[in-house]
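Undergrad: The structure that follows is given in the form of structure tokens.
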Amino acid sequence: TPGNFTVTEFTLEGFSQYPKLEIILFISCLLMYLVTLLGNSILITISILDLHLHTPMYFFLSNLSFMDICYTTSSVTPMVVKFIAKRNTVPFTGCALQMYLSLAMGSTECLLLAMMAYDRYVAICQPLRYPIIMNKSVCLKVATGSWITGCLTALLETSSALQLPLCGSSINHFTCEILALLKLACASSLAMDMIMLVVSVLLLPIPMLLICISYCFILFTILRINSADGRSKAFSTCSAHLTVVILYYGTALSMYLKPSSVDSQETDKFITLFYGVVTPMLNPIIYSLRNKEVKGAVKKLLSRNVFSQRL
């Protein structure tokens, strides 16, 4: 009977109803994944090697880059396996792991983006107290707290979702996305709905509200800066972070806080592609494009490598 059978593996439908589109998406996602690996690896490397970048901002940015690599890997891997191995099934444990990693990385990113906004608020609005407030110990505790919170909430969501009785094993998605999996449940679960709602509110609107408040104070402070160069520098560092916030939160909010009655499975797939593949690729580009410190660190690293090769 439905709900009484044991699921040992899931079938990922992906974009199988659009075979030509699936090929285009596979090639595009693979290229974007390689760019993501390269861009975020460079950001992590220069943040470690360049002493001038040993600041709270680049500490959080390195965490964000590492998270984006893990997040994209967990999203793209099922798609790559399906195309290369010609296999669209994934074991139960593999699906559980992929779902957990995606939720953990996504949840942690929400919290880290809020912490980065607070870091910019302290740096611009309280510059004299910045070294005291955002010292190494505080940054480490904040980052650790974000990781632990993200991992624990993901564990709660994943374990609760996989305990539900399922009436099928075919997931209408290209990854083991939790909302797609919940559509296989034989009946709605009030406990699961409450868990999803509480976690979504804690990790999306509340951090977003903190970010908005931080940037309101930042904007007022920037407008009071007399120096044009000072305003330009403050705007450039904040605009990069704000762009990433809008891209990430905009797509996540539209997916996880929409009414459950709205059935938009095909739209959800493209939204997942955007915040799971496109955004992690854009993050290092956005942060580097108008950042003289990052550009200078990259040039220094490249020139050092060229010089050492000549020797």
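Undergrad: Please work through the chain and write down the cysteines that have no neighbouring cysteine Cβ at a distance under 4.7 Å.
TA: That list is C29, C70, C110, C125, C139, C151, C212, C216, C238.
Undergrad: For Cα pairs less than 8 Å apart in space and 6+ apart in sequence, what is the mean separation divided by the residue count of the chain, i.e. the relative contact order in percent? Kindly include the intermediate steps, with their values, before the conclusion.
TA: Details: 329 pairs, mean separation 84.5, N = 311.
This gives 27 percent for the chain.
Undergrad: Right, another one. Where the Cα atoms of region 1-109 are projected onto their three principal axes, how long is each span, largest first, in whole Å?
TA: So the three principal-axis extents are 62, 34, 18 Å.
Undergrad: Looking at region 5-92, which trypsin sites (Lys or Arg not before Pro) are DSSP coil and have at most 14 other C-beta atoms within 10 Å of their C-beta? Show your work: numbers first, answer last.
TA: Working: sites: K20, K82, K86, R87; in loops: K86, R87.
Filter output for region 5-92: K86, R87.
Undergrad: In what order, largest first, do F274, F83, F15 sit by accessible area if the probe radius is 1.4 Å?
TA: Working: F274 70, F83 40, F15 5 Å².
Reading off the accessible areas and sorting them downward yields F274, F83, F15.
Undergrad: Quick check: the distance between the Cα centres of region 200-230 and region 47-82, to the nearest angstrom?
TA: Cα centroid to Cα centroid, the span is 24 Å.
Undergrad: While we're looking at this one, here's another question. Starting at the first residue of region 169-185, write each ³J(HN,Hα) from the Karplus equation 6.51 cos²θ - 1.76 cosθ + 1.60 with θ = phi - 60°, in whole Hz, x for Gly and Pro.
TA: These are the phi-based 3J(HN,Hα) values: 10, 9, 8, 7, 6, 9, 9, 7, 7, 4, 5, 5, 5, 4, 5, 8, 5 Hz.
Undergrad: Calculated from DSSP H runs of 4 or more alone, at -39500 (n - 2.57) each and per residue, what is the 222 nm mean residue ellipticity of the chain, nearest 500? Don't jump to the answer; show the numbers that get you there.
TA: Working: 12 runs with 231 residues, N = 311.
So the helix-based figure for the chain works out to -25500 deg cm²/dmol.
Undergrad: Give me the compactness ratio for the chain, meaning the Cα radius of gyration over 2.2 N^0.38 Å. List each step's numbers first, then the result.
TA: Working: Rg = 21.2 Å, N = 311, 2.2 N^0.38 = 19.5 Å.
Compactness ratio reported: 1.09.
Undergrad: On to the next question. What FRET efficiency comes out for Q163 versus Q126 if R0 is 41 angstrom and r is the Cβ-Cβ distance? Round to the nearest 0.05. List each step's numbers first, then the result.
TA: On the way: r = 47 Å, r/R0 = 1.14.
Given R0 = 41 Å and the Cβ-Cβ separation, E is 0.30.
Undergrad: Something else about it: Could you compute how much accessible surface L182 exposes when probed at 1.4 Å, giving the result in Å² to the nearest 10?
TA: Its accessible surface works out to 40 Å², give or take rounding.
Undergrad: Obtain the nm distance between the two label points defined at L155 and N226 by a simple spin-label model: each point lies 7 Å from its Cα along the Cα-to-C-beta direction.
TA: 5.5
Undergrad: Of all accessible surface on the chain at a 1.4 Å probe, what whole percent is carbon and sulfur?
TA: 71
Undergrad: Leaving out ligands and nucleic acids, note down the accessible area per residue over region 123-183 with a 1.4 angstrom probe, in whole Å². Write out the running numbers ahead of the final one.
TA: Numbers: 2950 Å² over 61 residues.
With the other protein chains kept in place, region 123-183 gives 48 Å² per residue.
The values are calculated or read from the model by the stated rules, or taken from the named source; none is laboratory data. These numbers were taken from a predicted model, which means no experiment stands behind them. Please note: Cβ atoms are built from the backbone with ideal geometry, for glycine as well, and neighbour counts cover all protein chains shown. These accessible areas exclude ligands, DNA and RNA; they are computed on the full protein's heavy atoms, side chains included. Shrake-Rupley method; radii C 1.70, N 1.55, O 1.52, S 1.80 Å.
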